[in-house]
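Worksheet: the structure to be examined is printed underneath.
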Amino acid sequence: MRRNTMKPKPVLKKSPKIPRHRGRDVSDVFTSESFIRQAVAISEDEAKHDQMLSFYKQAEDQLNSVLADTSLASVHGAAKQLLNLIHFRLHPEALQNSLAKKISGRY
């Protein structure tokens, strides 16, 4: 049997420096993601349906505030993708109609 003789990589002594504005950008999106995860975690439980909708709404509000802030332009792409997921979860019929119109050529 062959033993692993490789030494583990040293652990970072200092955390990498993230510019303050960049950290805020990321935290706003992470907050929205946590609301989405909470909603997905309880989506199967009919008794908690209102709570699930509340989590999606909180995430939607947070992401809309990120998109409204021009200083957070570096995370607008991620925010738009998460908003698309929320719209898919909250309004599947509207998304289905929109896609049907695009496929049929009637915008």
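All of the numbers you see were taken from the coordinates with simple rules; none came from a lab. Everything numeric in this text was worked out from a predicted model, so none of it was measured. Don't worry about glycine lacking a Cβ; one is built from the backbone with ideal geometry, like all the others, and counts go over all protein chains shown.
With the cut-off at 1.5 for a/c, could you classify segment 48-107 from its C-alpha gyration tensor as rounded, prolate or oblate?
oblate
May I ask you to sort ARG89, ARG37 by Cβ crowding, counting other Cβ atoms within 10 Å and putting the fewest first?
Arranged by neighbour count, lowest to highest, ARG89, ARG37 become ARG37, ARG89.
Find out how many positive minus negative residues lie around LEU53, taking Lys and Arg as positive, Asp and Glu as negative, among other residues whose Cβ is under 13 Å from that of LEU53.
Around LEU53, the surrounding residues sum to -2.
Output the peptides 61-67, 77-83, 99-105, 39-45 sorted from most to least packed, where packing is the average of other Cβ atoms within 10 Å over each peptide's residues.
In decreasing order of mean packing, 61-67, 77-83, 99-105, 39-45 become 61-67, 77-83, 39-45, 99-105.
Where does each of THR31, THR70 land when they are ranked from fewest to most other beta-carbon atoms within 10 angstrom?
Listing THR31, THR70 from fewest to most nearby Cβ atoms yields THR70, THR31.
Expressed in nm to one decimal, what extension gain is obtained for the pair HIS91 and SER104 from 0.36 nm per residue of sequence separation less their Cα-Cα distance?
2.6 nm
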